[in-house]
Structures are given as structure tokens and as C-alpha cells.
Amino acid sequence: MNCILLAKGEKSLRLGKIKPFILFHEKPLIEIILEKTTELFENIYIVTTKKEKFKMYENEKVFLIEDNIKCGPLGGILLGLKHSNSYYNFVLPIDLLFINNNLLKYMEEKKKDYDILYVKTKDFIQPLCGIYSKKVLKYIEQNIKKGQYKVKSILQSERFNIKIITEKEIEKFGNPMDMFFNLNTKEDLNWLKEIENGITSGSN
């Protein structure tokens with residue numbers, strides 16, 4: 001199985017920083033997520049609108065895909081699926097730095113009798129932490145042509161066999177709120193700095 005990394009937060013007005021290169025314990029987020037994924041997946045595809053910024057990470061296992069669609073995560077999933085040589089592909093954003101590798105492995109090893117598999121708890125869904133088959137390609141293309149850019153629209157389609165990783169399953173591997181912390185606001189960035197400095201270790 002391959003992994004599609006969505007590195008589309010090159011510029012974040014809310015953060016005032018380039019998200020993939022924000023440091024945590026002196027290491028950029030993109031490097032943290034690459035360390036987690038390269039040991040689990042055959043190939044990694046980084047989808048980005050700024051391909052030149054990621055050249056240093058390109059190698060025989062990590063490939064860069066220029067995002068020329070620019071319609072958010074849905075376009076990134078589409079491009080990743082098109083380039084990948086694997087029928088099933090794990091999709092992740094670059095800022096899930098606390099995601100548990102055992103959970104990723106658990107999801108990867110699930111019986112492949114679905115078209116989409118993603119995470120859902122009582123508080124949130126995580127369509128950007130999931131596995132997508134190439135069966136969804138044409139439907140994504142159709143949605144993008146119609147101007148429908150929400151990933152959730154795919155999850156609501158009755159044409160696909162969709163499986164969910166439940167909160168009970170996730171809790172076997174850690175606190176869901178911690179694992180699915182993602183960096184979107186300056187408050188999130190401050191919380192990350194508090195963890196780094198040992199001020200807090202709990203959920204934000």
C-alpha cells in the first residue's frame with residue numbers, strides 16, 4: 001500500500017507560518033510524518049502546490065506531485081490516486097504529528113473489502129486519515145468538475161462500500177483527541193509549543 005501526504009498548507013494565514021516546515025523539537029512537521037510513513041508504506045506521494053520546497057525529500061521511495069488543481073484536500077486525493085501504482089492508498093495530512101503508527105498499521109491490515117475506510121468518533125470525523133481505493137477516482141473527478149470540493153461528499157455517496165474505524169478501536173492505541181490534533185490556528189501552535197516545553201501533556 002502507498003501513502004498520499006497532503007502538504008497543501010504551504011501558506012497558512014491563520015498560522016502566519018509555512019505549516020509543513022514548522023518545527024517541533026527542532027524537526028519540521030513534514031519530516032516527522034515522513035519518518036512515520038516511510039517505515040509503513042511502500043511509496044509516499046507528497047502532493048503540494050510548491051513542489052520545489054520539498055525537493056530535498058524526494059528519493060526512490062518519496063515522490064512529489066505538483067498540485068495544479070488547487071481545490072483543497074479533495075484535489076490532493078485525486079492527484080495522489082492518479083499517480084499511485086497501488087489500488088488502496090492511505091491518505092494523511094502532514095500535521096498529524098501525534099498519530100500512532102500502531103493505529104495506522106491496524107487500519108492498513110484491515111480486510112480489504114471496502115472502497116473507503118476512515119476514522120470517526122462521537123466528536124469528529126477524520127476523512128483525511130483514511131484509506132481510499134481507486135474506485136473513487138471518477139466520482140472525485142465528477143465532483144470537482146461540478147465545483148463540489150468537500151471530501152465529506154464522497155463519504156455520503158451510496159455507491160461506495162464505506163467502513164469506519166470507531167472511537168473504541170482508536171482508544172486501543174491512545175487518546176483520539178491527542179492523536180488527531182492538527183495545526184490550524186495560532187492557538188494550536190501555542191499548545192504545540194507548550195507540549196514542546198513540557199508545560200502540558202494533555203489534550204488541547
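The values are calculated or read from the model by the stated rules, or taken from the named source; none is laboratory data. The structure displayed is predicted, hence computed values, not measured ones. Positions of Cβ are backbone-derived with ideal geometry, glycine not excepted, and every protein chain shown enters the neighbour counts.
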Notebook entry, point to check: Of (1) more than 12 Å from A7 (Cα to Cα); (2) modelled with pLDDT under 95, G72 satisfies all except one. Which?
Noted result: (1)
Notebook entry, point to check: Just for the stretch 111-153: of the residues that are surrounded by 14 or more Cβ atoms within 10 Å (Cβ to Cβ) and among the small types (G, A, S), which one is farthest from S86 (Cα to Cα)?
Noted result: S153
Item checked: Members of the stretch 113-127 found to be farther than 16 Å from E158 by Cβ and out of contact with any Leu (no Cβ under 8 Å at 6 or more places or on another chain), listed by number -> D113, L117, V119, K120, T121, K122, D123, F124, Q126
Next item on the list: Test F63 against the stated conditions and say whether it is surrounded by fewer than 20 Cβ atoms within 10 Å (Cβ to Cβ) and out of contact with any Lys or Arg (no Cβ under 9 Å at 6 or more places or on another chain).
Entry: yes
Check: Being assigned to a strand (DSSP E or B) and within 18 Å of P176 (Cβ to Cβ), is that true of even one residue in the stretch 92-109?
Finding: yes
Checklist line | Positions within the stretch 65-91 being among the β-branched types (V, I, T) and assigned to a loop (DSSP other than H, G, I, E, B), in sequence order | finding: I69
Item checked: Sole exception among (1) touching a Lys or Arg at 6+ places or on another chain (Cβ under 6 Å); (2) among the polar types (S, T, N, Q); (3) over 25 Å from K172 (Cα atoms) for N101, by number -> (3)
Item checked: Which numbered condition G72 misses (of (1) more than 25 Å from L189 (Cα to Cα); (2) in contact (Cβ under 8 Å) with a residue 60 or more places away in the chain) -> (1)
Check: Restricting the search to the stretch 180-195, which residues are at pLDDT 75 or above, of a type outside the set (S, T, N, Q) and part of a helix (DSSP H, G or I)?
Finding: K186, E187, D188, L189, L192, K193, E194, I195
Next item on the list: Answer yes if at least one residue in the stretch 12-35 is closer than 23 Å to V136 by Cα, of a type outside the set (V, I, T), touching a residue at least 60 places away in the same chain (Cβ under 8 Å) and part of a helix (DSSP H, G or I), and no otherwise.
Entry: no
Next item on the list: Check the stretch 54-64 and report whether any residue there is aliphatic (A, V, I, L, M), touching a residue at least 24 places away in the same chain (Cβ under 8 Å), in contact with a Leu (Cβ under 8 Å, 6 or more places away or on another chain) and closer than 22 Å to L155 by Cβ.
Entry: no
Next item on the list: Residue by residue through the stretch 154-168, note down the ones that are in a helix (DSSP H, G or I) and surrounded by fewer than 15 Cβ atoms within 10 Å (Cβ to Cβ).
Entry: E167, K168
Margin query: Among the residues in the stretch 124-144, are any part of a loop (DSSP other than H, G, I, E, B) and among the aromatic types (F, W, Y)?
Written below: yes
Checklist line | Total residues in the stretch 22-38, condition modelled with pLDDT under 90 and either surrounded by 15 or more Cβ atoms within 10 Å (Cβ to Cβ) or under 16 Å from the mean Cα position of the chain (by Cα) (or both) | finding: 2
Checklist line | Residue satisfying all of: in the stretch 39-64; touching a strand residue (DSSP E or B) at 6+ places or on another chain (Cβ under 6 Å) and assigned to a helix (DSSP H, G or I); farthest from I99 (Cα to Cα) among these | finding: K51
